[in-house]
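Asks: Structure provided below as structure tokens; questions to follow.
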Amino acid sequence: MSLKRRFGQFAAVAFVGLVLAACASQKEPAAAAISGIESAISGASAEASKYVPDQLADVQSKLAALKDSFAKQDYKAVITGAPAVLSAAQGLAAAAAAKKDEIVKALSDDWTGLAGSLPGVLDAVKSRVDILSKSKKLPAGVDLASAKASLADASGLWDKAKAAFAANNLEEAVSTAKDVKAKADAAASALKLNLTPAPK
Amino acid sequence: MADKDSTAAAPAAAAVGQFHEVQKGETLGRIAEKYYGDPSLYKDIFEANKDILKDPNKIFPGQKLRIP
């Protein structure tokens, strides 16, 4: 074998060795980058899945792509792409908190409105039910039995809504209060009771 | 949420109700019959409007009565 040929073989082996060494040196940081992203997602996933599910899915999809590159030993792609994905993962917690604040504010506004109006509506319906219960002949179209049933449901639900609010469960409080409104409206309708704000 | 008292967290209950504007020739009994089916229940309307009615027999066109 000529000296030239032996040198060529040596160069080829050396090149492969260098490539393998380079790959090996990138594998660890690539794995660490993926681990860091997984950790950031894991810390925020409970709130993120509830408040920013689309954003979470996007980050998870990008992480899956990085893992795919890692599996194909394309560590360079992992290291290049990881910072943006890590940043997005780290932003999940703040995005979820902001969305949660927004929802809580909207629910608080809903509750304030419902808690301000429902007691008056329930009082008005109850008053009419009490008076009509004494009537010798109900007006045409009035369904007192149905109104009584709806009022009973509404009153029970209103107690539940207030209990949920007291327990700091704003979502259930508002949802139940909306059910109260539906029942109270049904009762008022059965009584042909057209409720309006007091004239000035 | 700092305040768990539903009444403290909400504005005072809005004054809602059913209201009737008195027409010429109407009596509380006729109004009671219209809304309750029974003219003898006029006293409930009178009681609910004592701030503007002094006598159940004296109502005037244009008065806006609360119908409880």
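The values are calculated or read from the model by the stated rules, or taken from the named source; none is laboratory data. Here the structure is a predicted model, which means the values were calculated and not measured. Every residue, glycine among them, receives a Cβ derived from its backbone with ideal geometry; neighbour counts consider all protein chains shown. The area values use the complete protein model at the heavy-atom level, side chains included, leaving out ligands, DNA and RNA. Shrake-Rupley method; radii C 1.70, N 1.55, O 1.52, S 1.80 Å.
Asks: Please pick out the residue among A:Ala164, A:Ala182, A:Ala147, A:Ala140 that is farther than 19 Å from B:Ala15 by Cβ, more than 10 Å from every other protein chain (Cβ to nearest Cβ) and free of Cβ contacts under 8 Å to residues at least 24 places away in the same chain.
Replies: A:Ala182
Asks: Taking A:Ser135, is it assigned to a helix (DSSP H, G or I) and polar (S, T, N, Q)? Walk me through it before giving the result.
Replies: On the way: assigned to a helix (DSSP H, G or I): no; polar (S, T, N, Q): yes.
For A:Ser135, the condition - assigned to a helix (DSSP H, G or I) and polar (S, T, N, Q) - is not met.
Asks: Please state which one of A:Ala177, A:Ala182 is more than 23 Å from B:Pro68 (Cα to Cα) and assigned to a helix (DSSP H, G or I). Show your work before the answer.
Replies: Values: A:Ala182 fails: more than 23 Å from B:Pro68 (Cα to Cα).
Being more than 23 Å from B:Pro68 (Cα to Cα) and assigned to a helix (DSSP H, G or I) holds for just one of A:Ala177, A:Ala182, which is A:Ala177.
Asks: For the range A:96-104, indicate whether the set of residues that are within 11 Å of chain B (Cβ to nearest Cβ) and either aromatic (Phe, Trp, Tyr) or under 24 Å from B:Gly29 (Cα atoms) (or both) is non-empty.
Replies: Checked the range A:96-104: no residue is within 11 Å of chain B (Cβ to nearest Cβ) and either aromatic (Phe, Trp, Tyr) or under 24 Å from B:Gly29 (Cα atoms) (or both).
Asks: Here's something else I'd like to know. Output the residues belonging to the range A:145-191 that are surrounded by fewer than 17 Cβ atoms within 10 Å (Cβ to Cβ) and over 32 Å from the mean Cα position of the chain (by Cα).
Replies: Those that are surrounded by fewer than 17 Cβ atoms within 10 Å (Cβ to Cβ) and over 32 Å from the mean Cα position of the chain (by Cα): A:Ala145, A:Ser146, A:Ala149, A:Ala152, A:Ser189.
Asks: Mind listing whichever residues of the range A:119-137 are open to solvent by less than 30 Å² (accessible area, probe 1.4 Å) and more than 8 Å from chain B (Cβ to nearest Cβ)?
Replies: A:Leu122, A:Val125, A:Val129
Asks: With the condition kept exactly as written, say whether any residue in the range A:17-30 is open to solvent by 80 Å² or more (accessible area, probe 1.4 Å) and at pLDDT below 95.
Replies: Checked against the condition, which is being open to solvent by 80 Å² or more (accessible area, probe 1.4 Å) and at pLDDT below 95, the range A:17-30 yields at least one hit.
Asks: Moving on to the next point. Test B:Ala15 against the stated conditions and say whether it is open to solvent by 20 Å² or more (accessible area, probe 1.4 Å) and either at pLDDT 95 or above or more than 30 Å from A:Glu102 (Cβ to Cβ) (or both).
Replies: When the stated conditions are applied, B:Ala15 passes them.
Asks: Still on this model: Residues that are in a helix (DSSP H, G or I), β-branched (Val, Ile, Thr) and open to solvent by 60 Å² or more (accessible area, probe 1.4 Å): does the range A:80-99 have at least one?
Replies: yes
Asks: Restricting to the range B:21-48, give me the number of residues that are closer than 16 Å to A:Thr196 by Cβ and touching a Lys or Arg at 6+ places or on another chain (Cβ under 7 Å). Quick ask: steps written out before the conclusion?
Replies: Going residue by residue through the range B:21-48, those that are closer than 16 Å to A:Thr196 by Cβ are B:21, B:35, B:48.
Now drop any that are not touching a Lys or Arg at 6+ places or on another chain (Cβ under 7 Å), which leaves B:21, B:48.
Qualifying residue count for the region: 2.
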